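Derivation of every value follows stated rules applied to the coordinates shown; laboratory data play no part. Keep in mind that this is a model prediction, so the values were computed, not measured. Because the Cβ atoms are built from the backbone with ideal geometry, glycine has one as well, and the counts that use them run over all protein chains shown.
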Amino acid sequence: MIGLRAARDPSRRRVTLVIAVTVLAVWIASALFAGLLAPFSPSAQLPRLKFADPSVHHLFGTDGFGRDVFSRVIAGARPVLTIAPLAVLLATVAGTVLGLITGYFGGLTDSIAMKILQSFAILPPLFPAVLAVALLGRSTTVLVVVLGFAFTPLITWTVRSATLVEREKQFVEAARLRGESTAYILGREILPNIAGSIIVESTVRLADAVFSIATLAFIGLGAAPGSPDWGAQVADNRVNLQFAWWTVLFPAVAVASLVISVSLLADVIRERRSA
Amino acid sequence: MSLLTVADLTVAYRSPRSAAAGVVPPAVDGVSFHVDAGETLGLVGESGCGKSTIALAIARSLPPTARVSGRINLGGTDVATLAGASLRQWWRSDFAMVYQEPQSALNPTMRVGAQIAEVLRVKGLDRQAADREAISLLERVAMADPAAIARRYPHQISGGQQQRVVIAMALAIRPQLLVLDEPTTGLDATVEREILQLIADLRAELSAAVLFITHDLGLVERMCERVAVLQAGQIKEHGPVANVLVAPTHEYTRELLACAIPPGRTKHNDAVLRAAVPEIEHVPTAAGSPLLEVSNVVKHYGAVVASDGVRLRIDAGQVVGLVGESGSGKTTLGRIITGLTVPDEGEIRLRGEVIATDLARRRSAVRRSIQMVFQSPDSTLNPRHRVRDVLKRALLKLGGSRTVEQLAASCRLDAQQLGQLTSTLSGGQKQRVAIARAIAGDAALVVCDEPVSALDVSVQATILRLLVELQEHRDVALLFVSHDLAVVRYLSDRIAVMYAGRIVEEGPTEAVLAGPHHPYTAELLAASDHRAMDTGSRPVFSAGGGTARSAGERIGCVFADRCPQRIEGLCATTAPPVRHLDTGLRIECHLDLGPDIDDEVAGEAARI
């Protein structure tokens, strides 16, 4: 919504971009330099300071174990910004290869692949993830693979549609007349022309992945309870909401700000491409 | 007192990219003209000259990024100051426009009758009266069975019929000013002639001022009393059509006229071409050694027949023109020859040897021998590639021995264009690169599918001349597919006329033009001759629309339904004989076309 309005006016679009990049930069810095930025260790307990109000010493207050919420929110950036990009990268590579092949060849390959993808699409998006984590246990690798797998159909879909358009272009036919290999046609003729759509789609999925990781952690299937993961923090502290709102609000705002800034970035990229 | 007066009109688009908006040159720069009631002013110029911007300025439909100054006065109303309700009132009572693409002017979700009735209801008619009037308007635009057409949706009628509906909507307004923006571009020649005739008829009874925007000087000559020649947003010359086109005073008008290929001009008598490239005396290379032979090619698309037992022969170094209207199967035939489309049946021989019909199964030597130049300059080159890479790749894959620079120079591409992305080139430059790509190796045959139909007239001529030059120098044969007989006659040694998947007539260019003609060829020739316009009578409207037809229903001649010389009881029921005339013509027709050459000679002279 915000993106749509921003699109009409180039100067407003620039403001949107600056805000999105700034928020994203803050979280990337947090993920990289958590140790330098956080005043406390995320697991250090200060038993005398349980549920302390936000103050100069504890900007976001402390939680029920007397842990500094500000430090924990900063520490929570690293897992999310490791798992989400890796999962999206996996989904993008797999989805691009599948989408190019199914879109270009069409026919039986395409029908079979699309039926398989559709059968996944009818499930709630997190269902396979929940199942896999329950079966395989939780680890960074499992989360990356499971989320990457979950997002592959959506990216395949986008790449396939874009490929269906490009394969009808006369420069593709000219390449066939020249005797180019299929790999060359897919990689050098079609891919450069659909790269923009792939980037937009991947960015949208990145926002999705951040939210999915938080959701999994919230329902206890992501990070272990007690770890400084944003979703886990919200889950652990939701019972304290009425008297210690800061223990829930700040990790929740962290999730929201990252999701929104990545979404805005996707909007700006999309608008840039269509402008 | 003129009905429409435009004075000192200037339009500049504010560029969203550059902050210094003042630097952008105006699209229309101080243009003044007037049109009287009942008069038609032609506005000619190449794409980008500002002619459509002028139309949009008068229509008050410019985007908000446009900065407009100057005066536009229609029948005493200052159009530039209209706003809100008064602008809407003006739109529904005084102004109508017919656009280049009728399908974009029609609402795809509404029946065409309802769309016309909507205009009438806005003007105050009640529902029944509007519906009745809509049907009578459809009748006035020469629609056969107007009541049936009124119930159809835009996608259910042909392009020519869509344009008639748009014209009917314009009539419903009874405007003071009618703007026609390239109203026949994109229509087949025969349909174009019908639409122009209709416009000519209606103009007289409307007594509106008509602004006719086109890039085609031939149309101006037919349709307009006065003409204004536009270049880079400025009117270069302005006056009665007879003066401007016969004795142009401005250099640019002379250039435009010189660029257009007039009827009757061929590669043999084109002074501009021959000044640059002296004609090579052609020694007939080993008569009877065909380069490519297509026989009995059949291709169905579902229920539609695109190719119905086609035979065609192309000799080495020869230019064969393949003409026909859209849907006749000419593009499909070209694609079958290249292997991009695989026929259902039939055989293709290259230098006497049967070759695979599927491109993927062709040997690389065969593939390299047959190349193609495509129709759309915007899709023919990969927008992400640079010119140099396109040519380098073509030389590598097609086994060319020249350097990229030599290849570029042979197609008149500047060395500085080699580093450019193809998306930054103009349409004409793109087609040059596409031609260079096709001839990078030793192609023996290049299939050219309407390579100039999307280009400006002046650019068309230079591309055609380039094709002739390359064909003669490199001794490459061309199959030139086009709907435009004027273009085909310019460069072809032989012409094949296609209708509904059949080649109905084939022969040497002079013989095809001289006749006797297949009735369809006669129709094409009449449509392409700019002076053949007879303003008195209304032409026969081909109710059938397109030429695509369904499989399995042909028993007689493919053209029987539309043929003005149809012999009742014969043409529709009996397949026509193949006639071989002594001029080298092969015609499929029941009519008496003069004596056939006797069978023995026919066997020899029959091209295939």
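Things worth noting here:
- In order along the range B:175-183, the phi-based Karplus estimate (6.51 cos²θ - 1.76 cosθ + 1.60, θ = phi - 60°) of 3J(HN,Hα) comes to x, 7, 10, 10, 9, 10, 9, 6, x Hz; Gly and Pro are listed as x.
- Only aspartates and glutamates eight or more places from A:Lys50 in sequence, or on another chain, were considered; those with a Cα closer than 15 Å are A:Asp63, A:Asp68, A:Asp236.
- Around B:Leu82: net Lys/Arg minus Asp/Glu count, Cβ-Cβ under 13 Å: +2
- For the pair B:Ser423 and B:Ala258 in one chain, pulling the backbone fully straight at 0.36 nm per residue adds 56.5 nm over the alpha carbon distance.
- Simple spin-label estimate for B:Val304 and B:Ser47 in nanometres, 7 Å along Cα-Cβ: 2.4
- With the helix formula -39500 (n - 2.57) applied to DSSP H stretches of n ≥ 4, chain A reaches a computed 222 nm mean residue ellipticity of -23500 deg cm²/dmol.
- Once you reduce the range B:88-123 and the range B:124-202 to the center of their Cα atoms, the two points are 10 Å from each other.
- Peptide A:174-187 is shielded by partner chain Cβ atoms: per residue, an average of 5 of them sit within 10 Å of its Cβ.
- Seen from B:Tyr99, the other residues with C-beta closer than 9 Å to its C-beta sum to a net charge of -3, counting Lys and Arg as +1 and Asp and Glu as -1.
- Here each label is just a point 7 Å from Cα along the line to Cβ, and for B:Thr10 and A:Phe127 those points are 6.7 nm apart.
- Expressed as a fraction of 2.2 N^0.38 Å, the value expected for a compact globular protein of N residues, the C-alpha radius of gyration of chain B is 1.03.
- Helix B:84-93 axis versus longest C-alpha principal axis of chain B: approximately 60°, rounded to the nearest ten.
- Helical content alone sets the calculated 222 nm signal of chain B at -10000 deg cm²/dmol, taking -39,500 (n - 2.57) per DSSP H segment of four or more residues and averaging over every residue.
- Where both bridge residues fall in the protein assembly as shown, DSSP classifies roughly 60% of the beta bridges as antiparallel.
- Of the cross-linked pairs B:Lys267/B:Lys397; B:Lys267/B:Lys430; A:Lys169/B:Lys267; B:Lys330/B:Lys430; A:Lys169/B:Lys392; A:Lys169/B:Lys397, those separated by over 26 Å at the C-alpha level are B:Lys267/B:Lys397; A:Lys169/B:Lys267.
- Convex hull volume of the Cα atoms of the range B:353-418, normalised per residue: 122 Å³.
- Taken over the protein assembly as shown, the convex hull of the Cα atoms encloses 222 Å³ per residue.
- Kirkwood hydrodynamic radius of chain A, from the reciprocal of the average inverse Cα-Cα distance over all distinct pairs: 20.6 Å.
- Amide H partners (placed H, <5 Å) of B:Val447, local residues excluded: B:Gln371, B:Met372, B:Val373, B:Leu479
- Angle in degrees between helix B:189-206 and the longest Cα principal axis of chain B, rounded to the nearest 10: 20
- For the pair B:Leu396 and B:Thr583, label points projected 7 Å from Cα toward Cβ lie 5.1 nm apart.
- Antiparallel DSSP beta bridges within chain B, as percent of all bridges there, nearest 5: 60
- Computed from phi, the 3J(HN,Hα) profile of the range B:445-459 under the Karplus parametrisation 6.51, -1.76, 1.60 (θ = phi - 60°) reads 9, 10, 8, 10, 9, 6, x, 10, 5, 9, 9, 5, 4, 5, 6 Hz, with x in place of Gly and Pro.
- Helix A:140-166 axis versus longest C-alpha principal axis of chain A: approximately 30°, rounded to the nearest ten.
- Under 5 Å from the amide H of B:Arg226 lie the amide H atoms of B:Thr40, B:Gly42, B:Val241, each residue being 5 or more positions distant or on a separate chain, with H modelled from the backbone and absent for Pro and chain starts.
- Most fluctuating residue given options A:Thr22, A:Thr163, A:Thr62, as computed from a GNM of chain A linking Cα atoms under 10 Å: A:Thr22
- Using distinct alpha-carbon pairs, which all enter the 1/r mean, Kirkwood radius of the range A:153-267 in Å: 17.0
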